[in-house]
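The values are calculated or read from the model by the stated rules, or taken from the named source; none is laboratory data. Computed from a predicted structure; not experimentally measured. Cβ placement follows ideal geometry from the backbone for every residue including glycine, while neighbour counts extend to all protein chains displayed.
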Amino acid sequence: MLPENYQKRSFFRFDTPVDLQRLTDEYRSIPENAWQASYWGEIHCSVGMLLLRGGESGTEEDFFSDSVTDSPLLEQLPYMRSFLGPDGPFGEANYAFLFRMEPNGLTQAHRDMIEKWQDMFRIHIPIQSNRRARLISDGYAQHFSPGYAWSFNNQSWHGVVNGAAERIHFILDVKFNDKLARQLDRAEFVQGEKRDDLVKKIESGKKTRDSYPGDQFMGSAVRHLRSEGLNDVQIADAFNAKKIPTKRYFIENQRQQLKRWDASMIHDIKLG
């Protein structure tokens, strides 16, 4: 439970220093094949993700796991790693990840209601953005400009509308602590702009393009097709025939997901 004087609000802009060049250099050092599509593809349309601190199950539960570990990639990302420990500007982060949204991408309206997240602040540190990129929270839209750290109430009804360039954010989930409280005391509250047009976009249910449907959907599909007598090769062929995007988020050649489903990928799907 968050203290009464430190409830989540949309939006906070922190005054902690952010070295945008170092963030950008580290981001560019990450190999393209490290990225995956979002586990929540029905919501995070056109979004790639890279978990830096979290669980090891290979499912969406890694974002709220009781047991967390750091990605080996963090050894190559010392500046990002400096934000995660108890000596970091916000105190120790429980989870950390990178989200990358394609040009003109969309995150549909939703609430982040996992119990574990309710007493954590979600902190966004933009690495690359564009002036038309907006996070919409309870009807108000705000551009998270690079060079600052931001936070918003992720239990609110929210979504994202991107502009014509990639939007890349380094994101931390930090449980309330004294260091975070001091940051909030100094943070600027920014209400944002009332944008009914953007609310309609995130509530429309329309996708900018087909995206990975998410682990739960794919697990159910695999169970059903196996019950119909299909083996993993046949299931992969069926997914390819329906042009269902894979979990791989690997953008080359007009930013297309290049990898097709194969039997090993079907085998790796968590059935729950």
Name the one entry in F99, F90, F14 that is aromatic (F, W, Y), modelled with pLDDT of 95 or more, under 18 Å from the mean Cα position of the chain (by Cα) and surrounded by 15 or more Cβ atoms within 10 Å (Cβ to Cβ). F99
Name the residues in segment 38-87 that are at pLDDT below 95, among the charged types (D, E, K, R) and not in a loop (DSSP other than H, G, I, E, B), would you? E60, E61, D62
Taking G105 as the residue in question, decide whether it is surrounded by 20 or more Cβ atoms within 10 Å (Cβ to Cβ), under 18 Å from I125 (Cβ atoms) and at pLDDT below 95. no
Please tell me if K179 is modelled with pLDDT of 95 or more, closer than 15 Å to T16 by Cα, among the basic types (K, R) and assigned by TED's automatic domain parsing to the domain that holds D70. yes
How many of the residues in segment 117-139 are closer than 19 Å to G91 by Cα and either in a strand (DSSP E or B) or in contact with a helix residue (DSSP H, G or I) (Cβ under 9 Å, 6 or more places away or on another chain) (or both)? 8
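Let's see how each residue does on (1) under 29 Å from P86 (Cβ atoms); (2) outside the structural domain of E92 (by TED's automatic domain parsing); (3) crowded, with 23+ Cβ neighbours inside 10 Å:
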residue: M113; (1), (2), (3): yes, no, no
residue: S151; (1), (2), (3): yes, no, yes
residue: A165; (1), (2), (3): no, no, no
residue: F170; (1), (2), (3): yes, no, yes
So N94 ticks every box in (1) within 23 Å of A181 (Cβ to Cβ); (2) among the polar types (S, T, N, Q); (3) in a loop (DSSP other than H, G, I, E, B) but one. Which box is left unticked? (3)
Look through G85, G139 and report the one residue that is without any contact (Cβ under 8 Å) to a residue 60 or more places away in the chain and farther than 20 Å from E166 by Cα. G85
Taking the condition of being in contact with a His (Cβ under 9 Å, 6 or more places away or on another chain) and among the small types (G, A, S), how many residues in segment 86-141 meet it? 5
Among the listed residues F64, F90, F121, which satisfies the condition of being within 20 Å of K8 (Cα to Cα), among the hydrophobic types (A, V, I, L, M, F, W, C), touching a Ser or Thr at 6+ places or on another chain (Cβ under 6 Å) and touching a residue at least 40 places away in the same chain (Cβ under 8 Å)? F121
Reported set for segment 190-216 where residues are surrounded by fewer than 13 Cβ atoms within 10 Å (Cβ to Cβ) and modelled with pLDDT under 80 is G205, K206
